[in-house]
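Colleague: Starting off with a structure, shown below.
No lab work stands behind these numbers, since they all come straight from the coordinates. The structure presented is a predicted model; accordingly, all values stated were derived computationally and were not measured. When we count neighbours, we look across all protein chains shown, and the Cβ atoms used for this are built from the backbone with ideal geometry, even at glycine.
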Amino acid sequence: MSGRYKEQAYWDSRYREEGQLRTGGHEWFGAYRDFAHLVGRERRPGTGGLVLGCGTSSLSAELHKDGVRPLVSIDYSPVCIQEMAQRHANIPDMSWMVMDARHLQFPDGTFDLVIEKGTLDAMMVDERDPWRVTQDTITIVDQVLSEVSRVLAPSGCFMSITFSPPHFRGRHYAQPKYGWSVSCDSYGTDFHYYFYTMHKGGQLTSLDLARGQSLYKSHVDLTQTPTFLECDGEDFLNNIHL
Ligand SMILES: C[S@@+](CC[C@H](N)C(=O)[O-])C[C@H]1O[C@@H](n2cnc3c(N)ncnc32)[C@H](O)[C@@H]1O
């Protein structure tokens, strides 16, 4: 992923270009059919959902087709939302809103299901060393996860689809304050992607808790001069405890 993926202006111009070229959009991390069985495990009749950073993906349309209704899709790119709203005009129980995933404008406990695919990855794109995440990124991800936890119904479920494996991404999710359990599946044939499922009201295991704590032990403090060990990128003993 490119460093520009963190900028709203980048996504606006990319979606404007896609619209002009009528490319039909880009699908990150495979097609819905590749992980539909993992979504299906959690879906119940009457499940309402929220898609974070929907982009021009077919994910929202597929979820809606599969019975996740009403379905709200948000993205902070107005160009993207305008395009998607036009494409799906007149479909009942489907809405599109310009919104920042860090500041969700919904009441507490609104959604049974919240899902994101590649949105957190785009927000974390500046990270150079996945073992030692900067405080800025920890804060941005925490803003999103705190908001997701807040808008989830008491037994709701958050799904996160990414290329980032459990020892890197799992520790962001495994924080007791979000009030959920964490589990991870993978899918894909040539390249594996990760499908995290967080159940609100569930418990973290002791391994999860240790992972969660390791995030704060290992983050990079940009105000400190790095030690030899940190420069060398060989902090294996700390990382082994993940
Ligand atoms: C890598 S793309 C993934 C798009 C889509 N989810 C998919 O699976 O194809 C990241 C998307 O997240 C959106 N995004 C990034 N940061 C966001 C934020 N803070 N709030 C809302 N959307 C955001 C971008 O505009 C972009 O559409």
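Colleague: Just one of (1) within 16 Å of the chain's Cα centre (by Cα); (2) within 15 Å of the ligand (Cβ to nearest atom); (3) farther than 30 Å from Arg128 by Cβ trips up Met84, so point out which.
Modeller: Met84 satisfies every listed condition except (1).
Colleague: Name the single residue, out of those in the stretch 132-155 being assigned to a helix (DSSP H, G or I) and of a type in the set (Gly, Ala, Ser), that is surrounded by the most Cβ atoms within 10 Å (Cβ to Cβ). Spell out how you get there, then give the answer.
Modeller: Restricting attention to the stretch 132-155, the residues satisfying the condition of being assigned to a helix (DSSP H, G or I) are 135-151.
Narrowing the set further to residues that are of a type in the set (Gly, Ala, Ser) leaves 146, 149.
Numbers: Ser146: 15, Ser149: 19.
Once the filter is applied, the top-ranked residue is Ser149.
Colleague: Which of the following residues is of a type in the set (Lys, Arg) and within 11 Å of the ligand (Cβ to nearest atom): Arg41, Arg14? Before the answer, list the steps.
Modeller: On the way: Arg41 fails: within 11 Å of the ligand (Cβ to nearest atom).
Being of a type in the set (Lys, Arg) and within 11 Å of the ligand (Cβ to nearest atom) holds for just one of Arg41, Arg14, which is Arg14.
Colleague: If Thr47 satisfies all but one of (1) polar (S, T, N, Q); (2) more than 13 Å from the ligand (Cβ to nearest atom); (3) more than 18 Å from Ser160 (Cβ to Cβ), what's the number of the condition it fails?
Modeller: Only one criterion in (1) polar (S, T, N, Q); (2) more than 13 Å from the ligand (Cβ to nearest atom); (3) more than 18 Å from Ser160 (Cβ to Cβ) is unmet by Thr47, namely (3).
Colleague: Any idea which of Asp185, Asp121, Asp129 is of a type in the set (Asp, Glu), within 16 Å of the ligand (Cβ to nearest atom) and surrounded by fewer than 22 Cβ atoms within 10 Å (Cβ to Cβ)?
Modeller: Values: Asp185 fails: within 16 Å of the ligand (Cβ to nearest atom); Asp129 fails: within 16 Å of the ligand (Cβ to nearest atom).
Just one listed residue meets the conditions, Asp121.
Colleague: Is it the case that Val68 is more than 24 Å from Arg16 (Cβ to Cβ), within 16 Å of the ligand (Cβ to nearest atom) and within 15 Å of the chain's Cα centre (by Cα)?
Modeller: So Val68 fails the test.
Colleague: Evaluate the following for Gln20: is it part of a helix (DSSP H, G or I), over 15 Å from the mean Cα position of the chain (by Cα) and more than 27 Å from Thr110 (Cα to Cα)?
Modeller: Criteria met by Gln20.
Colleague: Follow-up. Tell me yes or no: at least one residue of the stretch 95-108 is touching a residue at least 60 places away in the same chain (Cβ under 8 Å), within 14 Å of the ligand (Cβ to nearest atom), over 21 Å from Thr197 (Cβ atoms) and surrounded by fewer than 19 Cβ atoms within 10 Å (Cβ to Cβ). Can you show your working first?
Modeller: Taking the stretch 95-108 first, the residues touching a residue at least 60 places away in the same chain (Cβ under 8 Å) are none.
So far as the stretch 95-108 goes, no, none of its residues is touching a residue at least 60 places away in the same chain (Cβ under 8 Å), within 14 Å of the ligand (Cβ to nearest atom), over 21 Å from Thr197 (Cβ atoms) and surrounded by fewer than 19 Cβ atoms within 10 Å (Cβ to Cβ).
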